[in-house]
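Chemist: Here it is: the structure, laid out below.
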Amino acid sequence: MPVVKLVNFCIGGASHVDIACDPKLVKLVTSLTRLPVCVSSVDPPTFLAAVEAGASMVEIGNYDSFYDAGIVFSPEQILYLRVETRRILLLVTLSVTVPYTLSLPDQVIIPTHLIKFKIRF
């Protein structure tokens, strides 16, 4: 489904639009809606260009594309991504997805640390 159709379909009752971290895609989506745009990535330096293009929030996530390659992010890696993202974008809303592939004790580590920094998960 083309992006324009998908965005128009989704904004019927949406609170925001969550898309890949691509500045061109951000510009397209922000030209179609006034809803806040959230971009997802596991590469903190890519967030800056997307925010400059109009994204209003960022999410550390979209791990699914790595699972087929056998790549699983550890709690330490995810928390490091948080530090790097905050270093680059101090004031932008940040959300962190907790991967379901982690053990339950490892899943608990992430929000426990994020709460200290008032990060949504």
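Chemist: Taking the range 24-60 on its own, how many of its residues are assigned to a loop (DSSP other than H, G, I, E, B) and either on the phi > 0 side of the Ramachandran plot or polar (S, T, N, Q) (or both)?
Modeler: Residues flagged as assigned to a loop (DSSP other than H, G, I, E, B) and either on the phi > 0 side of the Ramachandran plot or polar (S, T, N, Q) (or both) within the range 24-60 amount to 3.
Chemist: In the range 54-63, is there at least one residue being within 18 Å of His16 (Cβ to Cβ), surrounded by fewer than 17 Cβ atoms within 10 Å (Cβ to Cβ), at pLDDT 95 or above and not polar (S, T, N, Q)?
Modeler: yes
Chemist: State yes or no: is Ile109 farther than 30 Å from Gly13 by Cβ, crowded, with 16+ Cβ neighbours inside 10 Å and either modelled with pLDDT under 95 or of a type in the set (Lys, Arg) (or both)?
Modeler: yes
Chemist: Next question. Which condition breaks for His16 when tested against (1) surrounded by fewer than 18 Cβ atoms within 10 Å (Cβ to Cβ); (2) modelled with pLDDT of 95 or more?
Modeler: Result: His16 passes all but (2).
Chemist: While we're on this one: Somewhere in the range 67-76, is a residue charged (D, E, K, R), under 30 Å from Lys24 (Cβ atoms) and modelled with pLDDT under 90?
Modeler: Yes: one or more hits.
Chemist: Return the residues of the range 61-88 that are free of Cβ contacts under 8 Å to residues at least 40 places away in the same chain, under 30 Å from Arg34 (Cβ atoms) and either touching a Phe, Trp or Tyr at 6+ places or on another chain (Cβ under 6 Å) or not in a helix (DSSP H, G or I) (or both); say none if nothing qualifies.
Modeler: Gly61, Tyr63
The values are calculated or read from the model by the stated rules, or taken from the named source; none is laboratory data. Since the structure is predicted, the reported quantities are computational estimates derived from the model, not experimental observations. Glycine gets a Cβ as well: all are built from the backbone with ideal geometry, and neighbour counts include every protein chain shown.
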